[in-house]
Amino acid sequence: LVTGGRISLGNGFCAVLISMFIGISAGLSAGYYGGRADRILTWLMGVMWSIPSMLLALAVSFALGKGFIPILIAIGLSTWVDVARMVRGQVLSLREREYVLAAKVLGLSDLRIMLRHILPNLRGILLIVATSNFASAILLEAGLSFLGLGIPPPAPSWGGMVRDHYGMIVSGPVYLALLPGLTIMASVMSFHLISSALRDR
């Protein structure tokens, strides 16, 4: 259970990094440049938003196969839209602030303005979204592992442990399936509570 937790939490952390990188890049570009770039990226976000995360993760997993890297890519591609939408909304407001206009007048490059003057002001909202996405990543990884598309054996994962022992609920030691299930539930609930507390602050 402990070793499976290391793998599940490690997967979640790496997948969140991937989703944050894609989401921040897309959201910054859409919000800062506006115009055609914003319309195209907003349309892409809408399309991705309309696809259930688990269905998208399943499709990517089928395409890339089993393994650590495919799972990270599948979860990262399934959760970046939340980040991008949040970043875009904030950047649309921040790009009209006086310090951003002053940086443009001074002739600073767009990349420097986005990275040095806009992105640092998004730290709070990004921390909230990252914490929430961490919970989603754990749940997606557990779901994929339960369906047999996650981390291949002999490496343990919580979802794989539930899959291997869910028959024990009626015919054997219940705790073999119950403990990993409760661990998944407690982890997801914990990260959602942390996200809610950060949002309140």
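Worth pointing out:
- Paramagnetic reach from M168 (point 7 Å along Cα→Cβ, amide N under 13 Å) across the stretch 1-26: 1-2
- Span-like helix check, the chain: qualifying full DSSP H segments, with Cα axial length of 15 Å or more and mean Kyte-Doolittle of 1.0 or more, are 2-33, 53-64, 68-94, 123-146, 175-200.
- Across the accessible surface of the chain, with the other protein chains kept in place and a 1.4 Å probe, carbon and sulfur atoms take up 68 percent.
- Over the chain: helical MRE at 222 nm, DSSP H runs n ≥ 4 each giving -39500 (n - 2.57), nearest 500: -26500 deg cm²/dmol
- Cα lying deepest toward the dipole's positive end in the chain, options T42, V170, A63, charges on Cβ: T42
- Neighbourhood charge, 15 Å Cβ-Cβ cut-off, centred on V87 and excluding it, Lys, Arg +1 and Asp, Glu -1: +2
- Charged neighbours of G150, selected by a Cβ distance under 13 Å, balance to 0 (K, R count +1; D, E count -1).
- Charge-dipole axis of the stretch 1-147 as Lys and Arg at +1 and Asp and Glu at -1 on Cβ define it, positive-most pick from H117, G143, G4: H117
- Rg/Rh (Cα only; Kirkwood hydrodynamic radius) as it applies to the stretch 44-201: 1.12
- In loop segments of the stretch 99-201 as defined by DSSP, the chymotrypsin sites (Phe, Trp or Tyr not before Pro) with at most 16 further C-beta atoms inside 10 Å of their C-beta are Y166.
- Gain in span if fully extended, Y175 to L64, counting 0.36 nm per residue against the direct Cα distance: 36.6 nm
- Prolate/oblate/rounded label for the stretch 151-200 (Cα gyration tensor, a/c 1.5): oblate
- Result for the chain in a Gaussian network model with C-alpha springs under 10 Å: among P52, P154, P70, the largest mean-square fluctuation is at P154.
- Using the Cβ-Cβ distance between L182 and Y33 with R0 = 30 Å, the FRET efficiency computed as 1/(1 + (r/R0)^6) comes to roughly 0.05.
- Between amide H atoms placed 1.01 Å from N, distances below 5 Å from R95 occur with no residue 5 or more places distant or on a separate chain.
- Magnitude of the charge dipole for the chain, about its Cα centre and with charges confined to Cβ atoms of Lys, Arg (+1) and Asp, Glu (-1), is about 460 debye.
- Total formal charge among the other residues, if their Cβ is under 11 angstrom from that of G124, Lys/Arg +1 and Asp/Glu -1: +3
- Residues considered: G76, G67, G27. Largest GNM mean-square fluctuation over the chain, using C-alpha springs under 10 Å, is found at G67.
The values are calculated or read from the model by the stated rules, or taken from the named source; none is laboratory data. In this text the structure is predicted, and so the values were computed from the model without any measurement. Ideal geometry is used to build each Cβ from the backbone, glycine not excepted, and the neighbour counts take in all protein chains shown. Just the protein is used for accessible areas: all its heavy atoms, side chains included, with ligands, DNA and RNA removed. Shrake-Rupley method; radii C 1.70, N 1.55, O 1.52, S 1.80 Å.
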